[in-house]
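Colleague: Just passing along the structure, written as structure tokens.
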Amino acid sequence: MNELNHLAIIMDGNGRWAKKRGFLRTKGHESGALVVEKICDFCILNKIKILTLYAFSTENWKRPKNEIDFLLDLLKKFLISRRENFIKNGIFFNTVGDIEIFNDDLKLEIKKLKNLTKDNKKLKFNLAINYGAKDEIIRATKSLISQKKEINEENLNEFLDEKEQIDLLIRTGGEQRLSNFMLWQASYAELAFTDTLWPDFEKEELQNIVDNFKLKNRRFGAI
Ligand code: FPP
């Protein structure tokens with residue numbers, strides 16, 4: 001049986017979920033944020049050590065300003081409202097992506113939660129915000145060069161936002177693409193795609209996907 005150490009999810013389908021119900025797209029994001037807590041509980045129960053969720057990509061800045069503002073405000077509310085829960089449940093909050101672009105207020109909340117939860121060991125929760133895999137690899141390469149280190153796989157890996165390879169990568173919402181998400185870390189990830197829209201994604205479906213993953217024959221290029 002395969003061990004599931006690092007689970008990553010591309011949370012897609014919020015907009016369509018809202019549209020189907022006659023709501024604004026932003027209502028879909030709000031409902032989507034509520035699913036995150038359930039997935040954290042699942043990971044802790046199933047001894048998954050790292051959960052990485054794609055919340056805002058380097059390409060999402062192309063969306064209308066009102067949707068961007070809503071998402072960033074939702075993120076800030078999430079950081080504040082989940083604080084006690086993260087502390088109580090032993091979750092280390094972390095981000096992947098370049099957070100320098102965000103306003104001071106948001107950066108402060110991010111840094112505060114990271115600091116408050118830094119010694120927590122049950123689950124490392126990575127929220128990918130202003131994240132793009134190409135951007136991450138370029139930032140890592142620049143750091144490598146500025147520190148005059150040899151360019152090799154091991155050294156580059158050290159400068160990435162997340163160093164652990166992904167075991168299982170799930171995308172909800174019916175599309176079958178990676179959308180610039182963790183291209184390095186997903187090199188040998190098992191991929192699972194579901195038509196379920198993110199706000200409808202339930203623990204039962206996740207359990208099925210994880211059960212299938214555990215039985216996969218992972219060869220990592222060997223025979
Ligand atoms: C993709 O759905 C989703 C996003 C770009 C944002 C993901 C954000 C959340 C799940 C909520 C925020 C989470 C936290 C933790 C604050 P889409 O809008 O592209 O949906 P569509 O493909 O149906 O239009």
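Colleague: Thr172 is checked against (1) over 30 Å from Phe70 (Cβ atoms); (2) hydroxyl-bearing (Ser, Thr, Tyr); (3) surrounded by 15 or more Cβ atoms within 10 Å (Cβ to Cβ) and fails just one. What number does that condition carry?
Modeller: Result: Thr172 passes all but (1).
Colleague: Something else: With modelled with pLDDT of 95 or more, surrounded by fewer than 18 Cβ atoms within 10 Å (Cβ to Cβ) and either within 11 Å of the ligand (Cβ to nearest atom) or among the hydrophobic types (A, V, I, L, M, F, W, C) (or both) as the only criterion, which of Arg21, Arg63 stands out?
Modeller: Being modelled with pLDDT of 95 or more, surrounded by fewer than 18 Cβ atoms within 10 Å (Cβ to Cβ) and either within 11 Å of the ligand (Cβ to nearest atom) or among the hydrophobic types (A, V, I, L, M, F, W, C) (or both) holds for just one of Arg21, Arg63, which is Arg63.
Residue-wise test of (1) open to solvent by 80 Å² or more (accessible area, probe 1.4 Å); (2) under 15 Å from the mean Cα position of the chain (by Cα); (3) more than 24 Å from Lys20 (Cα to Cα).
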residue: Leu178; (1), (2), (3): no, yes, yes
residue: Ser187; (1), (2), (3): no, no, yes
residue: Glu190; (1), (2), (3): no, no, yes
residue: Pro199; (1), (2), (3): no, no, no
residue: Asn212; (1), (2), (3): yes, no, yes
residue: Leu215; (1), (2), (3): yes, no, yes
residue: Arg218; (1), (2), (3): no, no, yes
residue: Ile223; (1), (2), (3): yes, no, yes
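Colleague: Restricting attention to segment 72-125, and to residues there that are polar (S, T, N, Q) and more than 17 Å from Ala33 (Cα to Cα), which single residue is farthest from the chain's Cα centre (by Cα)?
Modeller: Restricting to residues being polar (S, T, N, Q) and more than 17 Å from Ala33 (Cα to Cα), the top hit is Asn103.
Colleague: Confirm whether Gln165 is within 16 Å of the ligand (Cβ to nearest atom), polar (S, T, N, Q) and either open to solvent by 30 Å² or more (accessible area, probe 1.4 Å) or free of Cβ contacts under 8 Å to residues at least 24 places away in the same chain (or both).
Modeller: So Gln165 does not fit the description; no.
Colleague: How many residues are near the ligand (Cβ under 7 Å from one of its atoms) and open to solvent by 30 Å² or more (accessible area, probe 1.4 Å) if we restrict to segment 1-16?
Modeller: Residues meeting the conditions: 3.
Colleague: Going by the structure shown, is Leu45 within 10 Å of the ligand (Cβ to nearest atom) and surrounded by fewer than 19 Cβ atoms within 10 Å (Cβ to Cβ)?
Modeller: Criteria not met by Leu45.
Colleague: Among (1) more than 13 Å from the ligand (Cβ to nearest atom); (2) closer than 17 Å to Asp200 by Cβ; (3) of a type in the set (A, V, I, L, M), which single condition is Val35 missing?
Modeller: Exception for Val35: condition (1).
Colleague: Please name all residue pairs, on different chains or six or more residues apart, with Cβ atoms under 9 Å, provided the first residue is in segment 45-67 and is among the polar types (S, T, N, Q) and the second residue is assigned to a helix (DSSP H, G or I) and within 12 Å of the ligand (Cβ to nearest atom).
Modeller: Asn60/Glu67; Asn60/Ile68; Asn60/Leu71; Asn66/Thr26
The values are calculated or read from the model by the stated rules, or taken from the named source; none is laboratory data. Predicted model, so just to flag it, every value in this text is computed and none were measured. Every residue, glycine among them, receives a Cβ derived from its backbone with ideal geometry; neighbour counts consider all protein chains shown. Only protein heavy atoms, including side chains, enter the accessible area calculation; ligands, DNA and RNA are left aside. Shrake-Rupley method; radii C 1.70, N 1.55, O 1.52, S 1.80 Å.
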